[in-house]
């Protein structure tokens, strides 16, 4: 068979895409990345293409109408430039990591006579959309000739099909991969991050702070958790997105928890991310609604950090199957408190979760296995 030549299209999922590209490239796949604004690492990718926007994303004018116009021009330019480059490249398959701007993609993106795959990271946008997202995506899936869709779990597949039943026969499950982290002792990680030593438990809330992530429930639960664990501390690590952190500060003050909460409300450098997980005894993801797999959850697997998650999106399904923590109902402080106390009180459960995570990183979520499954899908379409 002729060597498979892939054009990988991405804008919003650089960490996932880079790990997948590295694994695919190691198997001998000829792969070119087309990603606006992202510089590709030549050490693990033979070819690369970064589209040149009309203006850089941080140089848009402050005046709202002009900003909207400039942004629209950049998006349009990138879609047209991308499709022009693909036409010259003539890949065997186009593999898209989601769609950032469906409306622009629908009207500008060309229906190229090349097999197309889309990895659907978010079935529905995390935050409520202002336009008819489902209607536009339905047209996009049908009119742009997608041959296959990848989701990361059985639950994501069910959610996708509930919105778009016509693509059921073209949907394949390939897990979200993770890299093995270098594990260091917890107190060493805490020292590096200037976190308190010899405190149990240290609970972590990590990632962009957005309304649907349910941080208000976790803060509320802390008042009850501290009755069982008086030394408990909560670390909030990440900056807000489409949210106002002031309301969480106000809640912390009103609940009398200022001495219990450590706030790192800023961008977390990549070199510190694993340290936050390894410094913590438990990761809590109290999401209120979700239609996806969680990259933060998988990062916990890399670092062997037990988890409490709400039964939303794919999180509950995955944690139950993998036996890596506790699953609770969303939007319930009572259930969240019970789940947190249950796992913090059970050292055996925590050790089992860590062992399972260690094994799963080597097997089910190993990037090389994920690359092999992806290649098998490529071959199915050729």
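Output the residues belonging to the range 71-108 that are assigned to a loop (DSSP other than H, G, I, E, B) and over 15 Å from residue 10 (Cβ atoms). Within the range 71-108, 90, 92 meet the criteria. Residues in the range 15-34 that are in contact with a strand residue (DSSP E or B) (Cβ under 9 Å, 6 or more places away or on another chain) and free of Cβ contacts under 8 Å to residues at least 40 places away in the same chain: 18, 21, 25, 30, 31, 33. Highlighted here are the helices (runs of 4 or more DSSP H) found entirely within the range 116-232 that include at least 1 residues which are over 25 Å from residue 104 (Cα atoms) and either assigned by TED's automatic domain parsing to the domain that holds residue 251 or within 25 Å of the chain's Cα centre (by Cα) (or both): 154-163, 186-193, 215-228. In the set 38, 43, only one residue is part of a loop (DSSP other than H, G, I, E, B), within 19 Å of the chain's Cα centre (by Cα) and either modelled with pLDDT under 85 or over 22 Å from residue 84 (Cβ atoms) (or both); that residue is 38. When the range 325-382 is limited to residues that are part of a loop (DSSP other than H, G, I, E, B) and more than 26 Å from residue 221 (Cα to Cα), the one that is nearest to the chain's Cα centre (by Cα) turns out to be 365.
Scan the range 220-259 for residues that are without any contact (Cβ under 8 Å) to a residue 24 or more places away in the chain and surrounded by 14 or more Cβ atoms within 10 Å (Cβ to Cβ) and the total you get is 1.
The values are calculated or read from the model by the stated rules, or taken from the named source; none is laboratory data. These numbers come from a predicted model, not from an experiment. Virtual Cβ from ideal backbone geometry, glycine too; neighbours counted across all protein chains shown.
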